[in-house]
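Comments concern the structure below.
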Amino acid sequence: MDQHKFILSESEMPKAWYNIAADLPFEMPPVLHPGTQQPITPDDLAPLFPMAIIEQEVSTERFIPIPEAVQEIYRIWRPSPLVRAYRLEKAIGTRSKIYFKNESVSPAGSHKPNTAVAQAYYNAKEGVKKLTTETGAGQWGSALALACNFFGLECLVFMVRVSFDGKPYRKSMIESWGARIFASPSKETACGREILARDPECSGSLGIAISEAVEVAVADEKTKYSLGSVLNHVMLHQTVIGEEAQQQMKLAGDYPDIVIGCVGGGSNFAGISFPFIKDKFAGKKLQAIAVEPTACPSLTKGLYAYDYGDTGKLTPLVAMYTLGHNFIPSRIHAGGLRYHGASPLVSRLVKEGFIEARSYQQTEVFQAAVTFARSEGIIPAPETAHAIRATIDEAKKADEEGVSKTILFNFSGHGHFDMSAYDAYFSKRLEDNHFSDTALQKNLAEIADLPKV
Ligand SMILES: Cc1ncc(COP(=O)(O)O)c(C=O)c1O
């Protein structure tokens, strides 16, 4: 009998997150203060984050213990299953082996609660009363609403307008967990009002929503800001995915040749790949592939440079692949991948050649999503479907080369709130994007005066 699922018991769940900063074979450029452009100090970050999170952001400890209160909530859905995708393999007729780590089993439907729960815990412990955040697809806003609910924190979510309009039930979900939500740009903040005055129809972007959330957080001592991706501590919290996957691959008697994840800010990709990249640093052969949309190709077309994390220039300057903080991606359905930058850690690992990056158009991504739904049954989030597209292509490439590969990808979330996107695909209203290099050059020119890496 073929075993489909590789399951760990709750007692086998990792007790510490893996911090890749301990093993990097290069120095990371410092994070700079947005005003002085000098290296940032913990005190500079204190209005935004609790001290425990700031310490994790700069820590070089290899393993950081997962607090028991966080583990207790993780146990609602963790350890998540590792699945051998036999039916997908058969559907595409490959002789490669495909595994996926199913992060869609969390209450919010994605990997995002892995860090939301940790962040809510540390904030509550330090006496914070309210968290503000941005959300693209709504997965992160849902995750933080869920986590704040568990730790008795108020939660305020700014959701990118295009997703807010396209996914009304994410709003209801966020409200079910007791949070408040606004479409961004909103009239709640000076930044939102300024953008709406210039462009009343603005579809929004993660960069704008971050500016709004940061503006509200810095105005009140008991309110802090929470980010769902990009920063080092978020990558850290997500490594529980890859740590579990390593134990589960052992149960399956396998080790991946290729690890794949989609990239918005980089957290689910970092989560699954960093524990394996640790082995790669130690000499193991492994291909790590980061997949992004052609409409927002920060890793494949961006510049490795210092840039702001948000449109309003309120966040620190970080060295990353960026399309420029004023870049507003076109209205694609993978809302969670519409971010102008990417995690500094993921960016630098791409630059140094430890990670490959590639991009896809949305129709080819939805084709892969439907192949997966019709073989494995689960309907993927459009973001996740980018990883599935790359997985299918890698399996086919191996077949053409006459070899069998073991491929592991992160199934970062389900698409139950994305059915209008599927509807657009089935009714042939889904359009591929023609990325404008002229617009990119204009946006990159706007960061030319920032400090050089
Ligand atoms: C299901 C899903 N996958 C992936 C992402 C991309 O984020 P990240 O690159 O931080 O994993 C998102 C973001 O909202 C998401 O909702």
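Just so you know, all these numbers are worked out from the coordinates, no wet-lab data involved. Note that the structure is predicted; figures quoted are calculated from it, not measured. No Cβ is skipped: glycine too gets one built from the backbone with ideal geometry, and neighbour counts run over all protein chains shown.
Quick rundown of the values:
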| read-out | value |
| --- | --- |
| Amide N of the stretch 74-104 lying under 16 Å from the label point, which is placed 7 angstrom from the Cα of Arg374 along Cα→Cβ | 87-94 |
| Alpha carbon convex hull of the chain, volume per residue in cubic angstrom | 133 |
| Reachable aspartates and glutamates from Lys285, criterion Cα separation under 19 angstrom, eight or more residues apart if same chain | Asp23, Glu243, Asp254, Asp257, Glu352, Glu356, Glu394, Glu401 |
| Orphan Cys of the chain, criterion: no other Cys C-beta under 4.7 Å | Cys191, Cys202, Cys262, Cys296 |
| Links that overshoot a 27 Å alpha carbon limit, given the list Lys313/Lys442; Lys101/Lys224; Lys280/Lys396 | Lys101/Lys224 |
| Taking Arg358, Arg389, Arg429, Arg180 and counting other C-beta atoms within 10 Å, the order from fewest to most | Arg429, Arg180, Arg358, Arg389 |
| Efficiency of FRET between Val58 and Lys5 - r from beta-carbon atoms, R0 51 angstrom, step 0.05 | 0.85 |
| Square roots of five times the Cα gyration tensor eigenvalues for the stretch 259-327, Å | 26, 13, 10 |
| Cα-Cα P(r), the stretch 295-436, percent of pairs per 10 Å interval | 11, 35, 34, 17, 2, 0 |
| Simple label model, 7 Å out from Cα along Cβ direction - Glu446 to His33, nm | 2.5 |
| Radius ratio Rg over Rh of the stretch 184-264, counting only Cα atoms, Kirkwood formula for Rh | 1.21 |
| Inter-label distance, nm, simple model (7 Å from Cα along the C-beta direction), Arg87/Leu286 | 2.9 |
| Centroid-to-centroid separation of the stretch 99-167 and the stretch 322-376 [C-alpha atoms, Å] | 20 |
| Dipole magnitude of the chain about its Cα centre (Cβ charges: Lys, Arg +1; Asp, Glu -1), debye to nearest 20 | 800 |
| Projected label distance in nm at Val403 and Cys202, using a 7 Å step from Cα toward the beta-carbon | 4.9 |
| Most to least packed among 7-13, 300-306 [average Cβ atoms within 10 Å] | 300-306, 7-13 |
| Among Thr60, Tyr18, Pro50 - extreme Cα towards positive end, dipole of the stretch 2-151, charges at beta-carbon | Tyr18 |
